1. When you go through (1) more than 16 Å from the chain's Cα centre (by Cα); (2) surrounded by fewer than 20 Cβ atoms within 10 Å (Cβ to Cβ); (3) without any contact (Cβ under 8 Å) to a residue 60 or more places away in the chain one by one for Ser76, which number turns out not to apply?
2. Go over the candidates Ser227, Ser241 one by one and state the one that is in a strand (DSSP E or B), surrounded by fewer than 23 Cβ atoms within 10 Å (Cβ to Cβ) and of a type in the set (Gly, Ala, Ser).
3. Just checking, which of Leu272, Leu351, Leu304, Leu347 is farther than 28 Å from Asp36 by Cβ, in contact (Cβ under 8 Å) with a residue 60 or more places away in the chain and not acidic (Asp, Glu)?
4. Out of region 241-278, which residues are at pLDDT 95 or above, touching a Phe, Trp or Tyr at 6+ places or on another chain (Cβ under 9 Å) and more than 17 Å from Asp194 (Cβ to Cβ)?
5. Suppose we keep only residues that are in a helix (DSSP H, G or I) and hydrophobic (A, V, I, L, M, F, W, C) within region 245-277. Which one would you say is farthest from Leu226 (Cα to Cα)?
6. Looking at (1) in contact (Cβ under 8 Å) with a residue 40 or more places away in the chain; (2) over 14 Å from Ile9 (Cβ atoms); (3) surrounded by 18 or more Cβ atoms within 10 Å (Cβ to Cβ), which is the only condition Met232 fails?
7. Name the residues in region 354-409 that are within 24 Å of Ser294 (Cβ to Cβ), β-branched (Val, Ile, Thr) and surrounded by 14 or more Cβ atoms within 10 Å (Cβ to Cβ), would you?
8. Among the residues of region 135-175, how many are among the β-branched types (Val, Ile, Thr) and either part of a loop (DSSP other than H, G, I, E, B) or free of Cβ contacts under 8 Å to residues at least 40 places away in the same chain (or both)?
Amino acid sequence: MRIVDKSLIPNDSSKVEDILDLGTSPLANGLVNSKDLENVRSYPLKLGRCTISGHVQLTTFIEPKEMFTDYLYISSVSSTLKTHLEKISDFISNYFKIGNEDLCIDIGSNDGTLLSGFLKKGKRVLGVDPATNLAKLAKEKGVNTIPAYFGLETASQILNSHGKAKIISLTNTFPHLQQLDDFIKGIDVLLKEDGVVFIETHYLADIYDQVAFDTIYHEHVSYWHLSPIKKMFENFGFEISYAERIPLHHGQLRILISRKGVRTPDNSVNDLIKWEKDNKIGEKSTCQNFAKNSIDIKKNLNELLNKLKNEGKNIAGYGAPAKATTLLNFLGLNNQNVQYAIDRSPLKQGLFIPGTGIEIKSPEILENSQPDYLILFAWNFKEEILNQLFSYRNNGGKFIIPLPHLEII
């Protein structure tokens with residue numbers, strides 16, 4: 001663990017000022033077994049803002065090897081996310097031509113779902129992911145995967161073994177990067193002159209709008225908006241050629257990056273930069289409003305749960321995503337408030353959400369026992385889950401949607 005008081009963006013001399021203190025929290029995806037319930041470490045979890053660039057980041061960094069070597073989040077468990085990732089190859093292929101001999105690399109490739117789309121098109125693919133358990137799953141799909149962290153050293157090794165890449169993609173991996181200088185140097189070494197970098201990352205404006213404080217955890221060291229990304233890549237000889245907001249999760253930013261002068265940026269880039277400026281996305285006051293709104297929701301949700309408990313209602317949770325760890329620990333909830341959580345991932349079932357004592361069970365438990373309320377921890381997949389749990393709702397079960405607005409349905 002290290003405390004960070006300076007911007008992690010290369011060439012940004014900003015100091016980092018505290019904005020939101022979420023107390024202490026365990027590693028969000030560090031689910032534990034019953035033997036280790038009393039041995040869970042917690043770390044400070046604070047959100048800060050860079051005084052010059054307006055970039056938003058954590059002030060406590062955890063060593064990546066503690067978080068990513070054995071990873072329990074699987075992209076293909078959510079049908080919504082699986083479909084989205086598989087369609088990315090269509091989007092990129094429509095943007096520019098990729099030959100069958102061109103190499104497509106996905107950084108943070110998880111179980112290979114995104115690259116499967118390129119594989120079906122007959123392209124050469126290579127995944128890079130430090131989680132050895134996920135690399136094994138990807139290889140079972142035919143997606144060759146290197147279990148490693150991406151940076152200049154790994155990029156040089158790939159260059160020697162596979163040659164340069166036409167497309168390098170990152171989906172939800174960009175916020176994890178602690179060594180941005182090393183990462184971009186790796187991209188520079190590995191990307192063809194006419195290649196494209198494709199990035200999807202959660203978008204700060206949507207985090208603010210949806211008060212998504214539960215997406216703040218130690219894996220996510222950065223909370224990006226377009227302006228600092230643009231300046232950072234320009235300093236390394238790249239430019240953003242396309243940008244758009246997409247509704248996946250709780251709102252994401254999709255960008256395409258090329259070497260400077262290779263492609264003419266379209267209007268989407270400057271349009272979004274202007275929108276961010278007009279809406280003060282990078283300003284301190286907007287960040288402070290988000291912090292206040294987060295504390296208000298914490299108060300209101302705790303009051304609701306205490307009221308239901310006093311009425312004798314049974315409450316469980318649905319989904320055990322990383323965001324559940326942040327939400328539960330920020331609110332001070334445990335297995336006295338939430339009896340158990342339900343998740344479809346077999347890798348998570350039988351484990352416990354860290355810091356809470358809440359056990360994760362299979363959805364089959366609903367066939368024999370129906371709680372009065374389910375807190376939808378994976379609220380960003382609300383429609384998918386409501387459809388899956390039609391029988392529960394039809395039998396009188398109710399859902400507590402914690403964010404972006406507390407509601408019961």
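1. So Ser76 meets the others, but not (1).
2. Details: Ser227 fails: in a strand (DSSP E or B).
Going through Ser227, Ser241 in turn, just one is in a strand (DSSP E or B), surrounded by fewer than 23 Cβ atoms within 10 Å (Cβ to Cβ) and of a type in the set (Gly, Ala, Ser): Ser241.
3. On the way: Leu272 fails: in contact (Cβ under 8 Å) with a residue 60 or more places away in the chain; Leu351 fails: farther than 28 Å from Asp36 by Cβ; Leu347 fails: farther than 28 Å from Asp36 by Cβ.
One residue alone meets the criteria, Leu304.
4. The answer is Arg245, Leu253, Arg254, Ile255, Ser268, Val269.
5. Residues of region 245-277 in a helix (DSSP H, G or I): 267-277.
Going one step further and asking which of them are hydrophobic (A, V, I, L, M, F, W, C), we end up with 269, 272-273, 275.
Numbers: Val269: 8, Leu272: 8, Ile273: 7, Trp275: 10 Å.
Result: Trp275.
6. (2)
7. Across region 354-409, the qualifying residues are Thr356, Ile358, Ile375, Ile385, Ile400, Ile401.
8. Within region 135-175, the subset among the β-branched types (Val, Ile, Thr) is 143, 145-146, 154, 158, 167-168, 171, 173.
Next, only the ones that are either part of a loop (DSSP other than H, G, I, E, B) or free of Cβ contacts under 8 Å to residues at least 40 places away in the same chain (or both) stay: 143, 145-146, 154, 173.
Residues in region 135-175 being among the β-branched types (Val, Ile, Thr) and either part of a loop (DSSP other than H, G, I, E, B) or free of Cβ contacts under 8 Å to residues at least 40 places away in the same chain (or both): 5 in total.
The values are calculated or read from the model by the stated rules, or taken from the named source; none is laboratory data. All values reported here derive from a predicted model rather than from experimental measurement. Note: ideal-geometry Cβ built from the backbone for every residue, glycine included; neighbour counts use all protein chains shown.
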